[in-house]
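Comments concern the structure below.
Read the figures in this text as sums done on the coordinates, not as results from a lab. None of these values were measured; they are calculated from a predicted model.
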Amino acid sequence: MALEKSICNNPRLGPALWKGLEANKNIKPKLLPCFSNAYKKHMKQLPVFGYGQMTSEEWWRLVINDSFIEAGVPEDLMMVVSTDVTEILYRHFATKDAWELYPEVVPLIKALNSSGIKLGVVSNFDGRLREILKSLEIDQYFEFVVTSRE
């Protein structure tokens, strides 16, 4: 919901994009399965978010574009999707608004830290992970963070 609001409230694209998607009501329900297909396809063709061949943002642009194309987004909206929507989605998923910490997470990592246990994160996520941990205000609890692109 926060994502839809951030797209809808963007004066450059919100009204036009959502009006276009509303006019094609069969597109919205297809987006999630189409995203899954595009993600799997590009992870196979360009593993580790395109490491060594492109930035992770460029990789995600391919996934997002393919998702919308497979869902049947009309060509006139694809220019908006390809530029503005991709940028908004990429930035959105680097913020705390896109993620949820379970209530027990912070007390647990605080307790582990105060017990002298060193914590780290090893993840197959892209380079935005540090930004996300900082946004969630938990980055200070980890000695190291390693992502799949490193």
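For the residue pairs LYS30/LYS96; LYS41/LYS110; LYS41/LYS96; LYS30/LYS110; LYS28/LYS134; LYS30/LYS134, the C-alpha atoms sit more than 30 angstrom apart in LYS41/LYS110; LYS30/LYS110; LYS28/LYS134; LYS30/LYS134.
The orientation-averaged projected area of the convex hull spanned by the Cα atoms of region 78-128 comes to 4.9 nm². The three principal axes of the Cα atoms in region 28-150 give end-to-end lengths of 56, 30, 22 Å, sorted in falling order.
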